[in-house]
Amino acid sequence: MQHSEPNRRIRADASETIVRTFGYVFISMFAMSCLLPFLLVIGTSFTAEGMIKKYGFNIWPREFSTFAYKIVFENPDQILGAYIVTMGITVVGTAVGLFIVAMTGYALQRPDFGLRNSISFFIYFTTLFTGGLVPFYLLMTRYLSLQNNYLAVLLPGLLTPFLIIMMKSFVRSIPHAITESAKIDGAGDFTIFIKLILPMTTPALATIGLFIALGYWNEWYHSMLFLSADMDYRPLQLFLYNTVTTADFVRNSAAASNVELRDVPLESMKMATAVIATGPVILFYPFVQRYFIRGITVGAVKG
């Protein structure tokens, strides 16, 4: 009996080591499977178009070429302006949208707010049914007069029902007694929200802010609908989309006319635009990663 306890501990330690090793190997393989497609995109963007047609996509370029990037950056003022417009919309939209979503989620979880269930139902209802594209387009152009206005891109992303519901679940983990005690001390609702609620929801704010920022950064549909081609600068995603579409049109027109165009690196240019569009996001993500993971975990447990 005296020797059985150490043996159990040894077996338990060995089992824990095996499980942990297996977990590390599985996570490493999963991480590599997520990383390989991005490496494939980078490698293809630096590959000559002829090699892509002959050998397909490769992580390591068979023939190194920067011709695709030269075409994309042929008008540096245009792409710089597109970056500035996209960054401005992303920063302003994220700040304003995060504040509105946080304030809405906080109000909807207050037990002393009588209309919280009715308003929550209307917010959830919009995730099931929408008015459609035509009413939305008429609202933005005819009634709000936002044609060729960056507000047409900014306003639709400020309130997202899914993010409001997520924020409501986050704030619900904060005891209501904190709000009540602050009210007894004479603090108003807005003061409570700014000085107490927001500092306690940093993981939630980082998580939701990342979702909002990615939505604005990758936005091109509303830009295509409401921003015309005669504007000086349009968002980055729409600029890159138009660049690839133009190259595709030129190649198809040449093929229809039995003219061979080898100088249009269409496939490598698609990959180059993907690298240009995702590069800043990849650089920004590590700064909010720890908050993002904490926020997702809290939302999963408390929701």
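No value in this document is a laboratory result; all are computed from the given coordinates. Keep in mind that what you see is a predicted model, and the values were worked out from it rather than measured. So basically every Cβ, Gly included, is an ideal-geometry build from the backbone, and we count neighbours across all protein chains shown.
When each of the peptides 160-169, 47-56 is scored by the mean number of other C-beta atoms lying within 10 Å of its residues, the order from highest to lowest reads 160-169, 47-56. Sorting 243, 207 from the fewest to the most surrounding beta carbons within 10 angstrom yields 243, 207. Among 220, 60, the ranking by other beta carbons within 10 Å of each residue's beta carbon, starting with the fewest, stands as 60, 220. The amide H of residue 47, built 1.01 Å from its N in the peptide plane, has 65 as neighbours under 5 Å, considering only residues 5 or more places off or on other chains.
In terms of surrounding Cβ atoms within a 10 Å radius of their Cβ, 16, 267, 63 rank from fewest to most as 16, 63, 267. Close lysine pairs were tallied over the stretch 67-302: pairs 8 or more places apart or on different chains with Cα atoms under 29 Å apart number 7. Each other residue within a Cβ distance under 10 Å of residue 183 adds +1 if Lys or Arg and -1 if Asp or Glu, for a net charge of -4. Dipole orientation for the stretch 67-302: of the candidates 186, 196, 91, 186 has the Cα lying most toward the positive pole (charges on Cβ; Lys, Arg +1; Asp, Glu -1).
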